[in-house]
Amino acid sequence: MDRKCLRCDRTDCTCIGDSPVKGKWQLFRCNTCSFVWRNTEESYLEPYVTKLSEERIRSIIWSYDPTLK
Amino acid sequence: MMPKDFRDFLSILDAQKELVRFSEEIPPEPDIGAMGRATCDMEMSGGGGPALFCENVSGYKIPLAFCLHASNRRVALALGMDKKTPVLELFREFNRRWDKYPVQPVAVDNPPCQEVIKKGPQIDLTEFPIVRWNTGDGGPYVCKNAIITKDPETGQQNAGLYRMQLKDKARICVPFIPAHDIGRHYQKAQTMGLKEIEIAVALGNDPALNIASCSPIPPDWDEFAFAGALRGAPLAMTRGATVDLMVPATSEIIIEGKVTIGKTHIEGPFGEFPGYYSDLRRTPELEVTAVTHRKNPIFEGLYIGLPLTECDWLSQLANSVSVLRQARQLAPELESFNLASSWVLVGIASMRKRYAGQDKKVMSAILATPHASYGMKLLIIVDHDVDPFNLDQVMWALATRFNPATGVTFINEATMNPLDPIAPGKAYGTKMVLNATEPKPPQPVPAIGIVKPPPETERWRGILEKRWK
């Protein structure tokens, strides 16, 4: 099943881990906005998450990056 | 009794009835964060809240301990002192131990922290109970650690406490700014044309090392030698398994890896110490080259959010003492100073005032210290008869000795903490100083005096405390 990111609604997500005790949870990461969540959070977490638009994602910088000129 | 290491600290907390253990299965979210919030609330309400140990976080095989430093009682125990020591006495003892610096670490072989060594495909950070502490966080976070880097030019090591968002089995981000020592190392490596810097992350540490890691000691000081001064004995250190860094030998877990200069990924938001979320940003990431740990390791976490939370108790003494020592070089009349972590935005100073205007001298000395000049936006100055750690007494001084017409000083266009929610990311703004000291001649001095306790009050307090039990 395709997973949808709770933050940016993209479906490009990676399962980064299954629970060491089998069958308890899976951890996912969105490859677009880097949000990380557990499938056991999906039933309640979304109202707490601030949605991100594509434009907003593109605008995120590290303002202290010394490599920026 | 001074704790020998993290596990000994847990035993001491058990013996002192400061630790509650849970054997039942507990969901990682939202329950672990909720438990942290609840025990900090209990601590703030005056009844006391315990440190927490979850043997069975759902889905994990490794137990989780958290909120270990989340009270002044447990900070006292971490320093080998009586848990009933008043905070002002803790502050004075911390100041005395500062003078013991340095107690240099000793190198050891076959350390406990390398009983198990994992490299390559064996590396899996998701085996550790790393959880989302607050619902608005961008993911699960490691919040209590000692992140070790070294100056690429001099080789001098540094340890600091920074949040880290889990990104993958072998990737975790490390947010920092140039003002941090790790930021200075990163910047220097970039100037020298290096492609990467090595990092080691120590978890489940000697409790004095956790305090030292978030202490604003001078930049040329070593946190491990400072931890030795705090605990009155040297720390044992050993060479990392895949990095050219010395790591604490008795820590539960060491994550080793490298950060590529110029490569960043999205991180956050994260519920930070002022009680507000810090915004999304791009930050460097640690690419993990090895995870080493003790047999049957214990993972340590830290709940952070609306103050007070563990970071406040963990760093209050160090923040306060560092400002006191630096400011006293210019203003020896400075008596005590209170700068809790959540209040790096607010400081309270007590002073022995002899003449009118002397409070401005103290103000200037405090504002000149690196820690206060960077983060503090409100400074309250009280007389020496007011304990700056007792907020009831501070409010009394404000109510009675502060004159709004003459007692306010503004400093505009000053450096500010970028996590200050009033001006997020701006890092400059206006500071304010409130003078809540009594006037001295030639200022008009009120004719009325303070109501002093009747004779025999102390004796009667002793009698009442005994009978009340």
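The values are calculated or read from the model by the stated rules, or taken from the named source; none is laboratory data. Note that the structure is predicted; figures quoted are calculated from it, not measured. Reconstructed Cβ throughout: ideal geometry from the backbone, glycine too, with neighbour counts over all protein chains shown. The area values use the complete protein model at the heavy-atom level, side chains included, leaving out ligands, DNA and RNA. Shrake-Rupley method; radii C 1.70, N 1.55, O 1.52, S 1.80 Å.
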On the given criteria, is B:Gly48 part of a loop (DSSP other than H, G, I, E, B) and surrounded by fewer than 16 Cβ atoms within 10 Å (Cβ to Cβ)?
-> yes
Could you tell me whether any residue of region A:7-15 is facing chain B (nearest Cβ under 9 Å) and either assigned to a helix (DSSP H, G or I) or aliphatic (A, V, I, L, M) (or both)?
-> no
Can we say B:Thr260 is within 14 Å of chain A (Cβ to nearest Cβ), surrounded by fewer than 24 Cβ atoms within 10 Å (Cβ to Cβ) and either in contact with a helix residue (DSSP H, G or I) (Cβ under 6 Å, 6 or more places away or on another chain) or not in a loop (DSSP other than H, G, I, E, B) (or both)?
-> yes
Out of B:Met1, B:Met44, sole residue that is in contact (Cβ under 8 Å) with a residue 24 or more places away in the chain and under 19 Å from B:Trp133 (Cβ atoms) | B:Met44
Name every residue in region B:56-106 that is in a loop (DSSP other than H, G, I, E, B), polar (S, T, N, Q) and over 18 Å from B:Glu300 (Cα atoms), in order of residue number.
-> B:Thr85, B:Gln104
For region B:207-228, pairs from a residue that is over 14 Å from B:Leu79 (Cβ atoms) and at pLDDT below 95 to a residue that is surrounded by fewer than 24 Cβ atoms within 10 Å (Cβ to Cβ) and among the aromatic types (Phe, Trp, Tyr), with Cβ under 7 Å and 6 or more apart or across chains, are B:Trp221/B:Tyr101
Scope region B:398-457; condition on the phi > 0 side of the Ramachandran plot, in contact with a strand residue (DSSP E or B) (Cβ under 9 Å, 6 or more places away or on another chain) and free of Cβ contacts under 8 Å to residues at least 40 places away in the same chain; matching residues | B:Glu413, B:Ala427
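Residues checked against (1) farther than 17 Å from B:His180 by Cβ; (2) open to solvent by 10 Å² or more (accessible area, probe 1.4 Å); (3) of a type in the set (Val, Ile, Thr):
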site: B:Ile217; (1), (2), (3): no, yes, yes
site: B:Ala225; (1), (2), (3): yes, no, no
site: B:Val247; (1), (2), (3): yes, no, yes
site: B:Glu256; (1), (2), (3): yes, no, no
site: B:Pro284; (1), (2), (3): no, no, no
site: B:Thr292; (1), (2), (3): yes, no, yes
site: B:Gly301; (1), (2), (3): yes, no, no
Conditions (1) within 12 Å of another protein chain (Cβ to nearest Cβ); (2) open to solvent by 10 Å² or more (accessible area, probe 1.4 Å); (3) among the charged types (D, E, K, R): number failed by B:Glu196 = (1)
Specify the residue that is nearest to the chain's Cα centre (by Cα); the eligible residues are those in region B:12-24 that are free of Cβ contacts under 8 Å to residues at least 60 places away in the same chain and surrounded by 15 or more Cβ atoms within 10 Å (Cβ to Cβ).
-> B:Leu19
Filter result for B:Phe53 (farther than 19 Å from B:Leu308 by Cα and not in a loop (DSSP other than H, G, I, E, B)) | yes
Return the residue satisfying two criteria in turn: it lies in region B:147-183 and is basic (Lys, Arg) and either more than 23 Å from B:Asn205 (Cβ to Cβ) or facing chain A (nearest Cβ under 10 Å) (or both), and of such residues it is farthest from the chain's Cα centre (by Cα).
-> B:Lys169
How many residues are farther than 15 Å from A:Gly17 by Cβ and either aromatic (Phe, Trp, Tyr) or open to solvent by 50 Å² or more (accessible area, probe 1.4 Å) (or both) if we restrict to region A:36-66?
-> 18
B:Gly36 vs. criteria open to solvent by 10 Å² or more (accessible area, probe 1.4 Å), of a type in the set (Gly, Ala, Ser) and away from chain A (no Cβ under 14 Å) | no
Could you check B:Gly268 against (1) away from chain A (no Cβ under 14 Å); (2) of a type outside the set (D, E, K, R); (3) buried (at least 20 other Cβ atoms within 10 Å of the Cβ) and say which number it fails?
-> (1)
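Restricting the search to region B:126-146, which residues are within 16 Å of B:Tyr162 (Cβ to Cβ), within 12 Å of another protein chain (Cβ to nearest Cβ) and not in a loop (DSSP other than H, G, I, E, B)? Write out each step before concluding.
Going through region B:126-146, the residues within 16 Å of B:Tyr162 (Cβ to Cβ) turn out to be B:130, B:133, B:137-146.
Filter once more, keeping what is within 12 Å of another protein chain (Cβ to nearest Cβ): B:130, B:137-141.
B:Tyr141 - this is the single residue of region B:126-146 that is within 16 Å of B:Tyr162 (Cβ to Cβ), within 12 Å of another protein chain (Cβ to nearest Cβ) and not in a loop (DSSP other than H, G, I, E, B).
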Please specify each residue of region B:51-86 satisfying the condition of being more than 14 Å from chain A (Cβ to nearest Cβ), surrounded by fewer than 20 Cβ atoms within 10 Å (Cβ to Cβ) and hydrophobic (A, V, I, L, M, F, W, C).
-> B:Met81
For region B:430-461 the number of residues that are farther than 19 Å from B:Arg401 by Cβ, surrounded by 10 or more Cβ atoms within 10 Å (Cβ to Cβ) and of a type outside the set (Val, Ile, Thr) is 3
Taking interchain pairs and intrachain pairs at least six residues apart, which have beta carbon atoms under 7 angstrom, with the first residue in region B:193-204 and farther than 12 Å from B:Gly160 by Cα and the second surrounded by fewer than 24 Cβ atoms within 10 Å (Cβ to Cβ) and among the basic types (Lys, Arg)?
-> B:Glu196/B:Lys258; B:Ile197/B:Lys258; B:Glu198/B:Lys258
Return yes when B:Ala331 is among the small types (Gly, Ala, Ser) and farther than 30 Å from B:Glu272 by Cα and no when it is not.
-> yes
For residues in region A:16-55 being in a loop (DSSP other than H, G, I, E, B), more than 14 Å from the chain's Cα centre (by Cα) and not hydroxyl-bearing (Ser, Thr, Tyr), which is nearest to the other protein chains (Cβ to nearest Cβ)?
-> A:Lys24
Residues in region B:128-170 that are surrounded by fewer than 21 Cβ atoms within 10 Å (Cβ to Cβ) and more than 29 Å from B:Gln190 (Cα to Cα): how many?
-> 2
